[in-house]
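Here the structure comes first, spelled out in structure tokens, and everything after it is commentary.
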Amino acid sequence: VQGRDVGHYVNFEWDNNAPVIEVTSASSINNSAKEYVLKGTVKEDSQEIDSVTVSFKGGLDDSVSCGHITLESGSACEFSKGYSTDEFVSITTFEIKATDSNGNIGKEVHEVVRDDQAPAQVISYPENAPMNYVNVSVDGERVTKEDVYTQDTYTSETVQSTRDYLKIDYIYASKGILNSIPDVDFSDFNVNDLKDNK
């Protein structure tokens, strides 16, 4: 067939990659905070970033300024916008959209939780871990015994009147373990460290 090998080549680059949005602001706020600043970055591999918008609590998209950041390849920008916390609810949602010069749209949903709870401190004890105690009777007689240590061993009501004392080496009790063994690693503590460093 005549002309089948005749034609024109058109070179083009296919781009359907959307900009990537990363929010760097905290995902929780304290009740006493008056303002929340939404911050983040937008990155695009091959095109320029045309626009960045933020929808606050499902509202209309609001255009946000995004300052250019220099990268080795592609383009990037940083955005930042403050919001009054008077309008925040228990969970407040932001939807950030970024559009590149080819019309690809990246989206990121960022939720902010109102944190009005004080942190809870929970202390746990090894189950059935035997400890050595010295029981001191009223007349001063000392008897060593083994028993478990729990949250009820010493309470604010009993700590002053108890006759059972933890049997701890004097040097550790008076100076503390860290001062007695300076290179002790509490993140990987081994009881043999105490025995080896008496």
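The values are calculated or read from the model by the stated rules, or taken from the named source; none is laboratory data. Just so we're clear, the structure is a prediction, and the values are computed from it rather than from any experiment. All Cβ positions, glycine included, derive from the backbone under ideal geometry; neighbour counts span all protein chains shown.
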Looking across the stretch 87-109 at residues that are out of contact with any strand residue (DSSP E or B) (no Cβ under 6 Å at 6 or more places or on another chain) and farther than 18 Å from TYR36 by Cα, the single one that is surrounded by the fewest Cβ atoms within 10 Å (Cβ to Cβ) is GLY103
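Check the stretch 41-53 and report whether any residue there is assigned to a loop (DSSP other than H, G, I, E, B) and under 30 Å from PRO119 (Cα atoms).
Within the stretch 41-53, not a single residue is assigned to a loop (DSSP other than H, G, I, E, B) and under 30 Å from PRO119 (Cα atoms).
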Give the residues of the stretch 63-86 that are surrounded by fewer than 10 Cβ atoms within 10 Å (Cβ to Cβ) and assigned to a helix (DSSP H, G or I), sorted by residue number.
-> ASP86
Looking at the stretch 128-172, which of its residues are surrounded by 11 or more Cβ atoms within 10 Å (Cβ to Cβ) and hydroxyl-bearing (Ser, Thr, Tyr)?
-> TYR133, TYR149, THR150, THR153, TYR154, THR158, THR162, TYR165, TYR172
In the stretch 156-178, which residue that is among the aliphatic types (A, V, I, L, M) and part of a loop (DSSP other than H, G, I, E, B) is modelled with the highest pLDDT?
-> VAL159
Restricting the search to the stretch 21-37, which residues are outside any loop (DSSP other than H, G, I, E, B) and among the aliphatic types (A, V, I, L, M)?
-> ILE21, VAL23, ILE29, VAL37
Within the stretch 113-121, identify whether any single residue is more than 18 Å from GLU35 (Cβ to Cβ) and surrounded by 11 or more Cβ atoms within 10 Å (Cβ to Cβ), and answer yes or no.
-> no
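Looking only at the stretch 88-110, decide whether some residue is in a strand (DSSP E or B), of a type in the set (Lys, Arg), farther than 16 Å from VAL20 by Cβ and modelled with pLDDT of 95 or more.
So far as the stretch 88-110 goes, no, none of its residues is in a strand (DSSP E or B), of a type in the set (Lys, Arg), farther than 16 Å from VAL20 by Cβ and modelled with pLDDT of 95 or more.
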